[in-house]
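This report concerns only the one structure given below.
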Amino acid sequence: MDRKCWNLLVYKVPAQPSTQRVYVWRKLKGLGALYLQQSVCVLPQREDLQQSLVELKADITAGGGEADLLTIWIDEPEQNAMFVDRFQQQADQEYQEFLGQCRDFHTELSHEREIDNLTFAELEENEAELTKLRSWLPKIRDRDLFNAPGYAQATEAFKACELDFQQFSEQVYQAQEINSEPV
């Protein structure tokens, strides 16, 4: 029997101020929680996630809300597989968004090359975008609790962004050396 253990968090926070509702949502999103419906989410039973949920439950009640943290066992393999599949779909949606940002990054570099805008200001701007991508991918991976298939493609896409940026950097330095020579 493929019996799995899950944490189920059911909570209610005051409508106002909205800061607590947003705080709870961000915390759960950061953990990779799967919402089953509004204010009801599930996470796999793992010690690190359990501790974070216990702390979040305390934060909710301290803020005037209500929260129940339940440990549930599901005996049906189909139900467990459905949860795992939904977690993977959730992570793959984030990977797809990441891939879109990688495509945008390449498009931006191509555009700058086409209009011959090979400046240090452009280099700095695009380096900032690459830094955002660099920090975003590990965050998605941390929330990817069941190794969604999109991770490999996202990793390759990021490597391609790094390579494209390296080439762009070299082109900027070459252009600036050429432009700085006396005529």
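All of the numbers you see were taken from the coordinates with simple rules; none came from a lab. Just so it is clear, the model here is predicted, and its values are computed rather than measured. Reconstructed Cβ throughout: ideal geometry from the backbone, glycine too, with neighbour counts over all protein chains shown.
Working ranking of peptides 28-40, 120-132 by packing, defined as the average number of other Cβ atoms within 10 Å per residue, highest first, is 28-40, 120-132.
Divide the volume of the convex hull around the Cα atoms of the stretch 89-178 by the residue count and you get 69 Å³ per residue. Compared with the rule-of-thumb size 2.2 N^0.38 Å for a compact globular protein, the stretch 1-112 has a Cα radius of gyration ratio of 1.32. Just checking the listed ones, Leu56, Leu163, Leu99: in the Gaussian network model of the chain with Cα springs under 10 Å, the one fluctuating most is Leu163.
Number of Lys-Lys pairs in the stretch 1-147 with C-alpha atoms under 16 Å apart and a separation of 8 or more places or on different chains: 6. Using 0.36 nm per residue and subtracting the Cα-Cα separation, the extra length available between Glu114 and Lys29 on full extension is 26.7 nm. Seen against the Cα atoms of the chain and their longest principal axis, helix 77-114 is set at about 20 degrees.
Provide the FRET efficiency to the nearest 0.05 for the Glu55-Lys159 pair, computing r from the beta carbons and using R0 = 30 Å. Working from the Cβ atoms, E equals 0.25. Based on Cα contacts under 8 Å between residues 6+ apart, the chain shows a relative contact order of 26 percent.
Estimated from helical segments only, the mean residue ellipticity of the chain at 222 nm is -23500 deg cm²/dmol, where each DSSP H run of four or more residues counts as -39500 (n - 2.57).
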